[in-house]
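Right, one structure below, let's go through it.
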Amino acid sequence: MKPSQNSSYIYLHGFASSPDSLKAKYFCDRISSLAIDLKTPDLNQNDFSHLTLTRQLHQIETEFLQPQTLDFQAENVKNPGEVTIIGSSFGGLTAAWLAQRQISVKQIILLAPAFDFLSHWLPVLGQQQLEKWQTEEYLPVYHYGEQRYLPLNYQFVADMAEYPEQNLIRQVPTLIMHGLYDKIIPIQASRNFAANRPWVQLTELEDDHSLGNVLAEIWEAIQKFCQFN
């Protein structure tokens, strides 16, 4: 899909990250060099403590994906156009759900997407800490964007149960790039996701969850996938 005048591009940062992350800045710089605007919303919304997947979905849908009325006549509605979403980690999971829910999303690029996120994260916490979190409602989580610990409400976990990944079945062209040495979200999660979805292309990279050492390789793949060159 070649960029058109009615195309838009969105980058969604990862969990406990921000639009100032290395990847966000890198891709914003590369895409802007092509005279394309890459929107990089702050998914923290100045309230990381009450972050949920539902909140992230509603934020992006409200800001970028809902049709907007041009004037007061109901028939004159502006189409949001063709949307490409690049999502990193938890932002990648968010992008996958946006593609499922919003017909304007025409293609997605997922960088180490957080599929089966809780099944990887909760065992690391341990049962005792998980029960304490549920009882006390808040858990201190290190926020890399803020470079400090912030409390996260247990609703984050409860909300995730509303999004079974077997429901991600809309056939949207999808490029996944995942590091072979990812210890946060093992690459097997992306392999499992791609296995029975022929519209998904998985590229395995020689890196860990950050993908910081293969940004040039990722950018080359994005240009080809988006037909930028």
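The values are calculated or read from the model by the stated rules, or taken from the named source; none is laboratory data. All values derive from a computational prediction rather than experimental measurement. We place every Cβ from the backbone using ideal geometry, glycine too, and count neighbours over all the protein chains shown.
Residues of segment 138-152 that are loosely packed, with under 13 Cβ neighbours inside 10 Å and free of Cβ contacts under 8 Å to residues at least 24 places away in the same chain: Pro140, Gln147, Arg148, Tyr149. Among residues that are within 24 Å of Cys226 (Cα to Cα) and modelled with pLDDT under 95, Gln100 is not included.
The residues on offer are Gln188, Gln155, Gln102, Gln201, and the sole one that is touching a residue at least 60 places away in the same chain (Cβ under 8 Å), surrounded by 12 or more Cβ atoms within 10 Å (Cβ to Cβ) and not aromatic (Phe, Trp, Tyr) is Gln155.
Considering only segment 204-214, how many residues are of a type in the set (D, E, K, R), surrounded by fewer than 19 Cβ atoms within 10 Å (Cβ to Cβ) and more than 12 Å from Ile176 (Cα to Cα)? So the count comes out to 2.
Take segment 215-229 and flag every residue that is surrounded by fewer than 18 Cβ atoms within 10 Å (Cβ to Cβ) and not acidic (Asp, Glu). Let's see the steps before the verdict.
As a first pass, look at segment 215-229 and keep what is surrounded by fewer than 18 Cβ atoms within 10 Å (Cβ to Cβ): 215-217, 219-221, 223-224, 227-229.
Within segment 215-229, Leu215, Ala216, Trp219, Ala221, Gln223, Lys224, Gln227, Phe228, Asn229 meet the criteria.
Exactly one residue out of Asp29, Asp116, Asp71 is at pLDDT 95 or above and surrounded by fewer than 13 Cβ atoms within 10 Å (Cβ to Cβ), and it is Asp29. Set side by side, the residues Leu57, Leu43 differ, and just one is closer than 19 Å to Gln102 by Cα, at pLDDT 95 or above and either in contact with an Asp or Glu (Cβ under 7 Å, 6 or more places away or on another chain) or in a loop (DSSP other than H, G, I, E, B) (or both), which is Leu43.
Note on segment 13-30: among residues that are part of a helix (DSSP H, G or I) and in contact with a Ser or Thr (Cβ under 9 Å, 6 or more places away or on another chain), the one that is nearest to Leu111 (Cα to Cα) is Lys23. Please work out which residue is surrounded by the fewest Cβ atoms within 10 Å (Cβ to Cβ), limiting yourself to segment 85-99 and to residues that are assigned to a helix (DSSP H, G or I), within 8 Å of the chain's Cα centre (by Cα) and not hydroxyl-bearing (Ser, Thr, Tyr). Selected residue: Phe90.
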